[in-house]
Structures are given as structure tokens and as C-alpha cells.
Amino acid sequence: MKKDFCLHGILLCLGIAYCSHVTFTRRSSKLKQSLHGHHEKGKEGQVLHRSKRGWVWNQFFVIEEYTGPDPVLVGRLHSDVDSGDGKIKYILSGEGAGTIFVIDDKSGNIHATKTLDREERAQYTLMAQAVDRETNKPLEPPSEFIVKVQDINDNPPEFLHGNYHADVPEMSNVGTSVIQVTASDADDPTYGNSAKLVYSIVEGQPYFSVEPQSGIIRTALPNMDREAKEQYHVVIQAKDMGGHMGGLSGTTKVAITLTDVNDNPPKFPQSVYTMSVSEASVPGDEVGRLRAKDPDLGENGEIKYRILDGDGAEVFEITTDYHTQEGVIKLKKTVNYETKKFYSMKVEASNVHIDSRFLSRGPFKDIATVKISIEDADEPPIFVDQSFTLEVDENEPPDTIVGKVRAMDPDAARTMIRYSIDRHTDLDRYFNIQDDGVIKTTKPLDREETAWHNISVIATEVSNLGLSNSTTVTIKVVDKNDNAPEFPKQYEAFVCENAQVNKKVFTVSAVDKDDTANGPRFIFSFPKEIVHPHSNFTIRDQRDNTADIHIGRASFSRQKQKLHLLPIVISDGGSTPLSSTNTLTIRVCSCSSDETILSCNDEPLSLNAGLSTGALIAILACIVILLVIVVLFVALRREKKEPLIVFEEEDIRENIITYDDEGGGEEDTEAFDIATLQNPDGINGFIPRKDIKPEYQYSPRDLGLRPAPNSVDVDDFINTRIREADNDPTAPPYDSIQIYGYEGRGSVAGSLSSLESASTDSDLDYDYLQNWGPRFKKLADLYGSKDTCEDDS
């Protein structure tokens, strides 16, 4: 089939090329005829010459993908001025000229030298020109033409996506659109049927179909159920040439998933569920779970549960666990095995979201029966009351009965109960409890100290100490009138010497620690046992638990009595009244004419000797500033002050070395320690002061004492310098002198002077230098044997 297709293509190419050539030749002939010079006569008989265009051709065509042995003839260029003698040269330029398209410059034939692909380039624009072969002078103006690449069906259809994924709801009607697949063909859609595509379904029947022209995939079967099959794999083919034989094709895969809809009602897998719960459970405890099955997914499978009826509807409740879609039954109230041992109720499960399209399938709900049995449990004791409130009088002796609490075993066994007090609630151990639940005091209670006591009583089964219960017992301490009234604080009043009679001095009040029943109303009075206790003052009870003190006479003197202590008796309103005597302090003061207090005798005269915090801080700041100034002054003085004594670091030494003679050893060097020459007075401990001017002026050196420059007498030189240093105490003569004036006798090498060796007789034998080789030949000649030297002389 492939060979037939190739042969068909070759024949098609040859046919197109022939038609193109014939068409070009015919058209060229016509153009030639029409473009020959014609003569037309004008209105006045003038002969008009029509300008002639020498060569014209239409666009050329070349078939793509031609693979013949010879280059394809695209067309021929010819000019009317070409007489066939070869004097005209045809030139081709433009896109692909010289590489893809070549021209025979004599005949004008254009050939395509390469295989062309229309999908890469559909046309080429070229420029043709005819010139004189010898002079290259243009014979015709340049002309542009187009070479179009003729398409063949050489590209199969390709889908825009390699694989497709689509979703469609289950139970969709026939013809529901699923997805549209699209393929493209690179061939020329304007020429033939090479790019005309037709879609068909290869795999996926009979569930889906595809529209041939648009590529839209649609459902082909009704009532496709996701619960039966969820995934479908469909293969779609796109074929060119309009789907006819010989066309090229391409395929793609489409994965289609059925999405869920709520088309299934919930169903209980069983009609009756049995559960049990212990009577020891508390409200909120889970009793059990049940679940209705719904094959739908997501919100389509969400289920809600509720209790319809039954004797357990008030005792139990049901909720939905949306993670597992289970109905959770919980205890709503406490249950008692001794009272009721069995409960029954009906539970309904229904969908939360219902699709009205599928209501015909039946009600989307289901009902089941739940039976719950109560299990007996050894329960802890139960107090007959949730809390107890008891009373006891204060100040009662120990072992006074406060009251009684009672608990019972709810089980049928009726186990004995033992009572105890939680000592964390009775740290001071005010109470004890007996086995029968009677609470007694252990010590007298004081209401004014603690008016209420809250203790916790524990009831425990004798046979099972692990089962216990507790309750709160509140004990009120009943008040007795055991506290007398008194002043709330120590009162102190002031009175002027010139005060008027009956003037109010002060108002007193009272407080009582007892309860209100044993407290107010308070009565104020002077002690009865004292006749006219204080004629200077009178007391007036205001009957509102206060009393006013007034002046009884108008004569007060600080010189006679500056302080008055006024006793006042206060009685409470208890059934058995209690009273106390309190003292009011009244000071006599000096006042002005308008009774403004000026001074009192006991007014403190001493002044406050202390200083405020701000004054202390200011004084400390001044002290710190003074210290900083002193430190800075001392530091500056030390930096500017020069040392008064000449130290060793300031020594200025002169090293004088003479090389008048060669030395023979260590004895040649004479070193002089002239530390004493720095200052002769320093030997006796006297050090010259730089800040003290010397008593006599420095005398210049005596030039007559200076030795001759060529003198080798060092002793004279040293003596001269010593005298100069002795006569100048202001300048330290730090001199260091080393002398090499004489050769030493202790040198092992002796004298190294060549002059001395030559001028003096030597007993040394230098014949051994002859044996040291050519390097020492010169030395051996200079210091040869004595005989040799004498002969030479």
C-alpha cells in the first residue's frame, strides 16, 4: 500500500509539473502576441506606439516532497528580445535562489534542486532579470514572481492533547455532551481534502458516540450507574481525506469518569440492633453505634439520624458522626437498673441532600429498631440530699451536736455506709462525724473569727472502700452577744480656750463585732458612778448610733489643764446588753477671735532635721563634680611636668674607636668605663638637677690642650676630655672610648700585618704552601723559603 501511495504521488507531481509548463507556455505565447509593438492612429492621424513589455509570466507551482532522480522543472523564463543566439543571460535572485532554485542562464529553465516541504514554507518570492551576456546591461526591467509549493497529503492528523479526561454524571440522558476532542492537520486546508478531518470512535461502544465533524463525545446508553461501573476508556480516531480510503489518521484516548448523584437511598443492613449500658454511666457516655449504608459519595451519601419513638426517646439521644456516617447513641439521663432494666426505640436514617429527579425510586430513608438493656453495677452511696446546711451556736463546748447527714446504697444489697470528713476542708479540725452521720464540734467556735464553715463529708461502702461519694455540708455559726461596742478608732478632739457654751466639739460613733441582732442601737452616756464627771462637757445621744459632745462651761485654760480625758459608756442593743467605756481625748488650744486654732500645747516644736531626696542628690552631684575637677587638674600637672633628675634613658654616649695599629689579640683592645665621667659629683650621690642653673658658667675648651690630629697618644686625649667633663656640670659627657693602639701579647694568631711580616725576620716556614695547589701558588711565591728569597735578592 505504501508503494502504491508513493507511485500515486509521483504521477501526481508529474501531472502538475506538465500542466504548469503547458500553462506557462500557452500564456507566454499569448503574452508575446499581445505585447508585440502595435500601432494605433490617433484622432489627428498621429501614429501612437504602445510601450511593449518584453517578458511576463504567472506564478509557478512545484509539488512538495518530490523525490525523483532529476531536479523538478519549475518553469521557464523567456524574453521577446531573445533570438536564441545565446546573447541573453537570465539571472535569478531572491528567496532560495542558487540553493533551492537554479536557472539555466541560456534557456531560462528553473529547476528545484531540493525536496520542498509546504509545512515548512508555502511559497518563495524570486526576482528574474535578462541582461546582455557580454555587457551585463539589463535588457528587461527586473520582474518578481512567486513559486508556490503544491501540497500533498503527507501529514497525519494530530490531537491537541495526548490524552483527555472527562466527567459526566451517572444516570445522564442519551446524547449528553461529555467532552469535545480536537485534532489538527498540517496539510493545506485550501487545497484538496488533505486537511479535511472526520472523527470516529474506535473503542467505547456502545456507551459513547462521537460526532464526525465536531469531535463531541456524547453518551449513547441511558441509566449508566456509577455504582456498577465508574471508569470508561474511549479511543477516538481522526482521519483526513474526508475519511476516504488512502487518508491518514491519528488517535487519542479519553478517560471518562461517571460522577456520583444521589440515586441510592440509605439502607440499614439489619432491622434490629441490640445494645447495653451500665447504670454507672453518666449522661454523655456513648452507648453504641449503628450505620445505614449508602453507596453514594460525598454529600450525596451524607446521612442524618433521629429517634422516632419508644420509651428510650427521653433517656437516650442520637447524633451523626459525619466522618464515618454512623449514628452515635448516647446516654441523655442516668439509668437505674433497680428501676428499669430495658429500653426500646425506633431510629430513622435519611439523606441530607435529596435529588428530586430520583424521588421515583422511593423514599430516601430507612427505619431500624434499637433495644438497649441496662446492666447492674455496684454503685457508690448516694446522699439523700445534694447538700446540707446546719447551724450551731458560737462558744458552745466541745462535742456539741451540729446535725446529721445521711447516705444510702442504691444497690439491692444495701451495704453499710461509713462517714468521714475530708480534712482538706477542715484544716483546724473543728468537727468530727460519727458512723451514723452525726456531726459534732471539737472546740468552741467564734462567729467573729469564722461565721461559716464549709466541709466535705465522704460516704464509703464498708464492703467496697473504692465506692464512695461526697457532699458539701455548710455549717453556720449562730451569733451570741459576746462583744461590747467600742470606738472604731482612737478619737482626739480640740477645743479653744475662748469656746462658747453648748458649742459642739466632736461626734463619736461605735462599732460592734457581733451580728446586727446583738449590735445597734448603741446608747452613749457618761459613767453613772461619777457624780458630775465633767461639768466642762455634755453628751447628747443622736439615736442614730452616734453622739455629739458639747461644751458645758466657757472657761478653759491651757496653763491649768491642756488635756481632758473624757470617759464615754457605750451599750449595745442585744437581749443581754453589753457595754464598754471608751476615752475621748480633748486638747485645749489657743485660738483667734473667730475660733481659728493657732497652736496647741503639745504641738511638736522640733523641726524636721532630715533632708529631702532632691537636696541629697544635689549635694552628692556637687561632690562628684569637685572630685572630677581635682583628678583632671592633677593629671594635667603630671603630663606637663618634666623630670627633675637625669635618668639613664636620656644618656648620650659617644663611641670613639681608633684603628691606628693592628691588634694581636684581646689585649689590644683597651675599654674604659667612663660612667664616672658623666658627672664626677655623682660618685658621692649627687645628681645634677636640670632645673637648677649652675653656679658658674661653662668655660670653653682649651684648644691648646687638644692633641694633634696625627697623634697616637690616647692618654692625652682622655685626660683632656676628663678635664672638660669636670669643668662642665650642665652637660653629661656620656663617652665610651675603645682603643686599639697596641697589639696584644696574648693573641694566638700573632700579628696579621703583612708590612710587619715583610720588614722583620720570621722563623716561620711557609714551604707547605707549595703543597696546597694552584689556588695558593701566588701566596706560596710571596712567602716561599728563605733561601729562595735571599737568592732572588
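The values are calculated or read from the model by the stated rules, or taken from the named source; none is laboratory data. No experiment lies behind these values; they were computed from the predicted model shown. Every residue, glycine among them, receives a Cβ derived from its backbone with ideal geometry; neighbour counts consider all protein chains shown. Areas reflect the complete protein model, heavy atoms only, side chains present, ligands, DNA and RNA absent. Shrake-Rupley method; radii C 1.70, N 1.55, O 1.52, S 1.80 Å.
Can you tell me how many residues in the range 213-231 are in a loop (DSSP other than H, G, I, E, B) and at negative phi?
Keep residues of the range 213-231 that are in a loop (DSSP other than H, G, I, E, B), which gives 213-215, 220-230.
Narrowing further to those that are at negative phi: 213-214, 220-222, 224-230.
Adding up the residues that qualify gives 12.
Filter the range 358-370 down to residues that are in contact (Cβ under 8 Å) with a residue 40 or more places away in the chain and open to solvent by 80 Å² or more (accessible area, probe 1.4 Å) and give me whichever is farthest from S463 (Cα to Cα). Give the derivation first.
So in the range 358-370, the residues in contact (Cβ under 8 Å) with a residue 40 or more places away in the chain come out as 358, 361-370.
Checking which are open to solvent by 80 Å² or more (accessible area, probe 1.4 Å) leaves us with 361, 363, 365, 367.
Working: R361: 62, P363: 57, K365: 52, I367: 46 Å.
By that ranking, first place goes to R361.
Checking N432 against (1) under 60 Å from the mean Cα position of the chain (by Cα); (2) within 27 Å of K480 (Cα to Cα); (3) not in a loop (DSSP other than H, G, I, E, B), which test does it fail?
The single condition N432 does not satisfy is (1).
Determine if the range 408-425 includes at least one residue that is of a type in the set (K, R) and within 22 Å of E449 (Cβ to Cβ). Walk me through how you get there before you give the answer.
Residues of the range 408-425 that are of a type in the set (K, R), as a first pass: 414, 418, 423.
Then drop every residue that is not within 22 Å of E449 (Cβ to Cβ), which leaves 423.
So far as the range 408-425 goes, yes, one or more of its residues are of a type in the set (K, R) and within 22 Å of E449 (Cβ to Cβ).
State whether the residues of the range 323-330 include one that is more than 28 Å from E299 (Cβ to Cβ) and free of Cβ contacts under 8 Å to residues at least 40 places away in the same chain.
no
Would you confirm whether or not the range 591-602 contains a residue that is surrounded by 12 or more Cβ atoms within 10 Å (Cβ to Cβ) and at pLDDT 85 or above?
The answer is yes, given that some residue of the range 591-602 is surrounded by 12 or more Cβ atoms within 10 Å (Cβ to Cβ) and at pLDDT 85 or above.
I'm told Y124 meets every condition in (1) of a type outside the set (A, V, I, L, M); (2) open to solvent by 60 Å² or more (accessible area, probe 1.4 Å); (3) more than 60 Å from the chain's Cα centre (by Cα) except one. Can you identify the failing condition by its number?
Checking Y124 against (1) of a type outside the set (A, V, I, L, M); (2) open to solvent by 60 Å² or more (accessible area, probe 1.4 Å); (3) more than 60 Å from the chain's Cα centre (by Cα), the one that fails is (2).
For A499, work out the one condition from (1) open to solvent by less than 50 Å² (accessible area, probe 1.4 Å); (2) at pLDDT 85 or above; (3) not in a strand (DSSP E or B) it doesn't fulfil.
The one condition A499 does not meet is (2).
Tally time: how many residues in the range 140-162 are open to solvent by less than 60 Å² (accessible area, probe 1.4 Å), among the hydrophobic types (A, V, I, L, M, F, W, C) and farther than 24 Å from F61 by Cβ?
1
Mind checking which residues of the range 482-510 are farther than 21 Å from L565 by Cβ and either in contact with an Asp or Glu (Cβ under 6 Å, 6 or more places away or on another chain) or free of Cβ contacts under 8 Å to residues at least 40 places away in the same chain (or both)?
Listed by number, the list holds a single entry, N483.
Does R429 meet the test of being open to solvent by 80 Å² or more (accessible area, probe 1.4 Å), in contact with a helix residue (DSSP H, G or I) (Cβ under 8 Å, 6 or more places away or on another chain) and farther than 30 Å from M275 by Cβ? Even if it seems obvious, please write down each step before you answer.
Working: open to solvent by 80 Å² or more (accessible area, probe 1.4 Å): yes; in contact with a helix residue (DSSP H, G or I) (Cβ under 8 Å, 6 or more places away or on another chain): yes; farther than 30 Å from M275 by Cβ: yes.
Yes; evaluated as a whole, the condition is true for this residue.
Is it the case that some residue within the range 382-397 is farther than 22 Å from V335 by Cα, part of a loop (DSSP other than H, G, I, E, B), free of Cβ contacts under 8 Å to residues at least 60 places away in the same chain and open to solvent by 80 Å² or more (accessible area, probe 1.4 Å)?
no
Out of the residues in the range 261-290 meeting the condition of being open to solvent by 20 Å² or more (accessible area, probe 1.4 Å) and touching a Pro at 6+ places or on another chain (Cβ under 8 Å), tell me which one is farthest from V202 (Cα to Cα).
P265
So, in the range 177-206, of the ones that are without any contact (Cβ under 8 Å) to a residue 40 or more places away in the chain and in a loop (DSSP other than H, G, I, E, B), which residue ends up nearest to D240 (Cα to Cα)?
That would be P189.
Only one of these conditions is not met by T339: (1) under 23 Å from T274 (Cα atoms); (2) surrounded by 14 or more Cβ atoms within 10 Å (Cβ to Cβ); (3) β-branched (V, I, T). Which number is it?
(2)
Residues are listed down the side, and each one gets a yes or a no for (1) closer than 30 Å to D187 by Cα; (2) of a type in the set (D, E); (3) modelled with pLDDT under 70:
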| position | (1), (2), (3) |
| --- | --- |
| T23 | yes, no, yes |
| L31 | no, no, yes |
| F61 | yes, no, no |
| G68 | yes, no, yes |
| G75 | yes, no, no |
| H78 | no, no, no |
| D85 | no, yes, no |
| E120 | yes, yes, no |
| Y124 | yes, no, no |
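Tell me whether the range 294-301 contains one or more residues that are modelled with pLDDT of 90 or more, surrounded by 18 or more Cβ atoms within 10 Å (Cβ to Cβ) and not acidic (D, E).
no
Out of I433, I439, I455, which single residue is of a type in the set (A, V, I, L, M) and touching a Gly at 6+ places or on another chain (Cβ under 8 Å)?
I439
Can you find a residue in the range 414-425 that is farther than 28 Å from A280 by Cβ and either of a type in the set (A, V, I, L, M, F, W, C) or in a strand (DSSP E or B) (or both)?
The answer is no, given that none of the residues of the range 414-425 is farther than 28 Å from A280 by Cβ and either of a type in the set (A, V, I, L, M, F, W, C) or in a strand (DSSP E or B) (or both).
Taking the range 449-481 as the region of interest, how many residues are open to solvent by less than 50 Å² (accessible area, probe 1.4 Å) and touching a residue at least 40 places away in the same chain (Cβ under 8 Å)?
13
Per-residue answers, yes or no, for (1) of a type in the set (F, W, Y); (2) part of a loop (DSSP other than H, G, I, E, B):
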site	(1), (2)
L73	no, no
S79	no, yes
Y90	yes, no
E119	no, yes
A128	no, no
E140	no, yes
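Tell me whether the range 465-481 contains one or more residues that are part of a strand (DSSP E or B) and basic (K, R). Walk me through it before giving the result.
So in the range 465-481, the residues part of a strand (DSSP E or B) come out as 468-478.
Pick out the ones that are also basic (K, R) and you get 476.
Looking for residues that are part of a strand (DSSP E or B) and basic (K, R), one finds at least one in the range 465-481, hence yes.
For V102, only one of the following conditions fails: (1) at pLDDT 85 or above; (2) hydrophobic (A, V, I, L, M, F, W, C); (3) surrounded by fewer than 16 Cβ atoms within 10 Å (Cβ to Cβ). What is its number?
(3)
Scan the range 318-336 residue by residue and report those that are part of a loop (DSSP other than H, G, I, E, B) and either open to solvent by less than 40 Å² (accessible area, probe 1.4 Å) or closer than 17 Å to P269 by Cα (or both).
Restricting attention to the range 318-336, the residues satisfying the condition of being part of a loop (DSSP other than H, G, I, E, B) are 322-325, 332-336.
Residues satisfying the conditions are T324, Q325, V335.
Looking at the range 551-567 only, could you name the residues that are in a strand (DSSP E or B) and at pLDDT below 90? Give the steps one after another, and end with the answer.
Taking the range 551-567 and keeping what is in a strand (DSSP E or B), we get 551, 563-567.
Listed by number, the residues that qualify are I551, L563, H564, L565, L566.
When the residues of the range 170-183 are filtered to those that are open to solvent by less than 60 Å² (accessible area, probe 1.4 Å), within 55 Å of the chain's Cα centre (by Cα) and of a type outside the set (A, V, I, L, M, F, W, C), which remaining residue is nearest to L297 (Cα to Cα)?
Quick first cut of the range 170-183, residues open to solvent by less than 60 Å² (accessible area, probe 1.4 Å) only: 170-172, 175-176, 178-179, 181-183.
Checking which are within 55 Å of the chain's Cα centre (by Cα) leaves us with 170-172, 176, 178-179, 181-183.
So of that shortlist, the ones also of a type outside the set (A, V, I, L, M, F, W, C) come out as 170, 172, 176, 182.
Values: E170: 12, S172: 17, T176: 22, T182: 32 Å.
Only one residue tops the list, namely E170.
Right, N109: open to solvent by 60 Å² or more (accessible area, probe 1.4 Å), modelled with pLDDT of 80 or more and of a type in the set (S, T, N, Q) or not?
Details: open to solvent by 60 Å² or more (accessible area, probe 1.4 Å): no; modelled with pLDDT of 80 or more: yes; of a type in the set (S, T, N, Q): yes.
Answer is no for this residue.
Please find, among G215, G247, the residue that is more than 30 Å from R357 (Cα to Cα) and either open to solvent by less than 60 Å² (accessible area, probe 1.4 Å) or not acidic (D, E) (or both). Please lay out each step first, then the result.
Numbers: G215 fails: more than 30 Å from R357 (Cα to Cα).
Matching residue, one of G215, G247: G247.
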